[in-house]
Amino acid sequence: MTTSYFSTADRSRWLEMAAGLDPVLAHQVAQPCAVVAFHPDLAAFQGWRVERSDDARAGLERLWRDGDQVDFDFGTHVVGRLRMRWESGPAGLDAPVRLRVLLGEVPLEIAAPREPFHSNMLPRSWLQEETITVDELPASIDLPRRYAFRFVRIEILGLSPRHEIRLAKLEAVAEAATFNEPGPLPDDVAPLLRQIDATAIRTLRNCLQSVFEDGPKRDRRLWLGDLRLQALANGVTLRRFDVVARCLLLFAGLCREDGIVEACIYHRPRPHRSGNVMADYALLFAPTLLDHASMSGESALAAELWPVAARQVELITGALDGSGRLPAGHPYGWTFIDWNPALAREGPFLGLAVYCLRAAARLARLVGDDDRRTAFTTRAEHLSAVVREVWMHDPETFRDPFAGQTSVALTAWMVLGEVVTDVQARACLHRTLADTSAQQPAGPYLMHHLAHALFIAGAPSDALGLIERYWGAMIARGADTFWEIFLPGNELASPYENAQLNSYCHAWSCTPSWLLRAL
Ligand code: RAM
């Protein structure tokens, strides 16, 4: 019989506590605001320009015939259910009606053909569409799923040629754990930054469901790396600390037999494991718990889950070898850091490990565990010395000596790990940012860590400039919510080989609100 690192009683208690914090979702009705047309246009985001062609009423007042198709715009990103009511025209109905509804967060999902479908990584069922056949009208139709969308295409796929029908109602019932509005940013904040903040808050809210989802369209799952960033933004805006606590308890309650927390978990139909472990996400449990305690002002959960946080840090940082790397073939050797496939991840991971050791030492102080506070502080200092010895090419350059690589990820995480500070940290960041051979971030997750590093290195104007350029460029392309992936030079970039599958309201992109409000 194998023994678990954490007892069944502990894990069950954590899951019960999580169940007790399941939020009651709030609802708001949203209406379409326009009928639109999509036009191919190389100058527009992903090659599709949206043109308003009429008031939304035009789609509601008309009579629809077989083959008709109308594209509605809800004006902003909505997460919720879609309801329709159809009525027959004056001549009634002598055959069933078949409708197809396509929903999309961005124009590409509606305007570009979905066939032939291509992705070797994700199934086409993530594309939001329904085909419905009704025998009798009038009929009220509630589409079966919860959707994430701004645009809705309705097509009549089958209707007797002698008959016409009318769409009497089309509305969405938006869903989120809260629709409360946080206080505004101070008046002296630049308009673009205010717009970025509002978009980041919408991103956070639309992901804030029964758990903090990574994306309400896809994967609708609780990922630890995403949760950490959402919890930061949440702490200075929506302040649903109960949901943060629930998510941390779910990770703890579903930890593996050896006590390691998974990178992502499912909460439906009942909480269960995903089978994914990532060393960086597991380590980030500790800073997430620490940030939760300091932002909520409540340390009971930190005391309850401290053994889980300590276990991640002990087991994973304890496995690092003399050069600060996980040995080849280590069972938890997979790390994320960023999407860039050319990135050497061991160095950034080492910086992240130091960052998490320092957070764990602070947590140890909070819960009064002096032995571990000393042990984690000592290990952080030891690894910092290893970094300076092995991973620094000169006092202003971090360089992976094994891969022969410099990267934004490496420097940013070393700064976050406080391996270098102040003037030296600024110099390292500026040197890396000017180095055209350095591996660049491939998405918002690493952009966040770069912006954070710039703030703590005492370069706030560089950080603000980055936020304006990167998140501002999404706004300039029409973002209502921030995206899972964004490469300004390649708008169709997709980790899944198909940009229609990308999530365009994505947890880890919501951090400008925290960066602007907390730093
Ligand atoms: C994808 C999602 C998620 C992220 C993981 C690593 O599935 O984008 O947000 O945390 O990858």
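The values are calculated or read from the model by the stated rules, or taken from the named source; none is laboratory data. Just so it is clear, the model here is predicted, and its values are computed rather than measured. As a convention, Cβ positions derive from the backbone with ideal geometry for all residues, glycine included, and neighbour counts pool all protein chains shown. Ligands, DNA and RNA are stripped out before the accessible areas are found, and what is left, the full protein with its side chains, is counted by its heavy atoms. Shrake-Rupley method; radii C 1.70, N 1.55, O 1.52, S 1.80 Å.
Within the stretch 115-138, whose backbone N sits under 18 Å from a point 7 Å along Cα→Cβ of GLU497? In the stretch 115-138, the label zone of GLU497 (backbone N under 18 Å from the point 7 Å along Cα→Cβ) covers 115-127.
To one decimal place, what Kirkwood hydrodynamic radius in Å is obtained for the stretch 411-493 from all pairs of distinct Cα atoms? Each step should come with its number before you reach the end.
Details: mean 1/r = 0.0748 Å⁻¹.
In the stretch 411-493 this quantity evaluates to 13.4 Å.
Restricting the stretch 328-422 to GluC sites (Glu not before Pro) that sit in a DSSP loop and have at most 13 other Cβ atoms within 10 Å of their own Cβ leaves nothing.
Sort 489-499, 461-471, 113-123, 140-150 for me by packing, meaning the mean count of neighbouring Cβ atoms within 10 Å per residue, highest on top. Intermediate values should be presented prior to the final figure.
Working: 489-499: 14.9, 461-471: 18.8, 113-123: 10.4, 140-150: 17.1.
The most tightly packed comes first, giving 461-471, 140-150, 489-499, 113-123.
Full extension of the chain between THR374 and GLN31 gives 117.7 nm of extra length, using 0.36 nm per residue less the Cα-Cα distance. Protection proxy ranking of 404-411, 350-357, by the mean of other Cβ atoms within 10 Å over each peptide's residues and highest first, is 350-357, 404-411.
Tell me, what is the FRET efficiency for ARG13 and ASP258 to the nearest 0.05, using R0 = 22 angstrom and their Cβ-Cβ distance as r?
Values: r = 19 Å, r/R0 = 0.87.
The formula returns an efficiency of 0.70 here.
Surface composition of the chain: carbon plus sulfur atoms contribute 51% of the solvent-accessible area (1.4 Å probe, protein chains only, all chains present). Share of Cα-Cα pairs in the stretch 260-390 beyond 17 Å, in percent? Here the tail beyond 17 Å accounts for 59 percent of pairs. Using a cutoff of 8 angstrom between alpha carbon atoms and counting only pairs six or more residues apart, the relative contact order for the stretch 363-519 works out to 16 percent. Just to verify a number: FRET efficiency for LEU63 and PHE117, C-beta to C-beta distance, R0 = 22 Å, to 0.05? With R0 = 22 Å, the Cβ-Cβ based efficiency is 0.10.
Dividing the mean sequence gap of close Cα pairs (under 8 Å, 6+ apart) by how many residues the chain holds gives a relative contact order of 17 percent.
Kindly give Rg over Rh for the stretch 1-124, based on alpha-carbon atoms, with the Kirkwood expression for the hydrodynamic radius. Show your work: numbers first, answer last.
Values: Rg = 22.8 Å, Rh = 19.5 Å.
Across the stretch 1-124, the Cα-based Rg/Rh ratio is 1.17.
Just round it to a whole percent: the fraction of Cα-Cα distances in the stretch 107-221 exceeding 19 Å. Intermediate results must be reported in sequence, preceding the final value.
On the way: 4227 of 6555 pairs.
So the portion of pairs separated by more than 19 Å is 64 percent.
Based on a Kirkwood Rh over C-alpha pairs, give the Stokes-Einstein translational diffusion coefficient of the chain at 37 °C and viscosity 0.692 mPa s in µm²/s. Each step should come with its number before you reach the end.
Working: Rh = 24.5 Å.
Rounded, D is 134 µm²/s.
The residues of the chain have, on average, 39 Å² of accessible surface per residue, using a 1.4 Å probe with all protein chains present. The calculated P(r) of the stretch 199-262, using every Cα pair and 5 Å bins from 0, goes 4, 19, 30, 24, 13, 7, 3, 1, 0 in percent.
Grab the other residues whose beta carbon is less than 15 angstrom from that of TRP64, score K and R as +1, D and E as -1, and report the net.
Numbers: positive: ARG57, ARG62, ARG65, ARG85, ARG98, ARG100, ARG153, ARG162, ARG166, LYS169; negative: ASP54, GLU61, ASP66, ASP68, ASP71, GLU87, GLU155, GLU164.
Around TRP64, the surrounding residues sum to +2.
Rounded to the nearest 10 Å², what accessible area does ILE265 show when all protein chains are kept and the probe is 1.4 Å? Around 0 Å² of this residue is reachable by solvent.
The reciprocal of the average 1/r between distinct C-alpha atoms defines the Kirkwood hydrodynamic radius, which for the stretch 56-120 equals 14.8 Å.
Along the axis of the charge dipole computed for the stretch 387-519 (Cβ charges of +1 for Lys and Arg, -1 for Asp and Glu, origin at the Cα centre), the listed residues PRO444, LEU519, THR406 are led at the positive end by LEU519. Multiplying the residue separation of HIS39 and ALA139 by 0.36 nm and subtracting their alpha-carbon distance yields 32.7 nm. Most tightly packed first, judged by the mean number of other beta-carbon atoms within 10 Å of their residues, the peptides 334-340, 447-453 read 447-453, 334-340. Placing unit charges on the Cβ atoms of the charged side chains and taking the dipole of the stretch 90-178 about its Cα centre, the candidate lying farthest along the positive direction among VAL134, MET121, PRO161 is MET121.
What percent do you get for the relative contact order of the stretch 122-240 when only Cα pairs under 8 Å and 6+ apart count?
Numbers: 60 pairs, mean separation 28.9, N = 119.
Taking the mean separation of contacting Cα pairs over the length of the stretch 122-240, I get 24 percent.
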